[in-house]
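The values are calculated or read from the model by the stated rules, or taken from the named source; none is laboratory data. These numbers come from a predicted model, not from an experiment. Here Cβ is always computed from backbone atoms with ideal geometry, including for glycine, and neighbour counts include all displayed protein chains.
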Amino acid sequence: MALNPKDKRYLRTIAHHIRPCITTGKEGLKESILIEIHEALDRDELIKVKIGKGELHRKDAVEIIREKVQSEVVQLLGRNVLLFRKRVRDSNIHFPK
């Protein structure tokens with residue numbers, strides 16, 4: 001699902017108060033971190049992840065996360081990335097028309 005700019009803006013307003021629920025360490029992106037991100041997206045649909053200072057550049061790390069967990073990157077601000085993956089059923093987020 002590709003997000004248009006209006007949808008991204010709406011998601012940013014919802015996520016303004018959300019704190020990063022997952023922080024990657026200096027070891028980089030391990031499989032356990034990717035599994036944790038996947039589970040958090042299943043549970044919450046919209047999450048923030050803080051990218052730690054590791055071997056990967058933050059943009060490379062975000063691209064790996066996006067591909068592995070099949071999510072949309074809403075925003076990358078500093079070392080925080082806002083990720084969204086819509087649930088097929090029982091979605092809590094409804095976009096305005």
Handout entry: Any hit, segment 74-89, residues being more than 17 Å from residue 21 (Cβ to Cβ) and modelled with pLDDT under 90
Key = yes
Fill in the blank from the handout: Scanning segment 1-49 residue by residue, those in a helix (DSSP H, G or I) and β-branched (Val, Ile, Thr) turn out to be 13, 14, 33, 35, 37
Exercise for the section: Find the residue count for segment 56-97, including only residues that are within 15 Å of residue 12 (Cβ to Cβ), out of contact with any strand residue (DSSP E or B) (no Cβ under 7 Å at 6 or more places or on another chain) and touching a residue at least 60 places away in the same chain (Cβ under 8 Å). Expected result: 2
Practice task
Would you check if residue 27 is of a type in the set (Asp, Glu) and in contact with an Asp or Glu (Cβ under 9 Å, 6 or more places away or on another chain)?
Solution key: yes
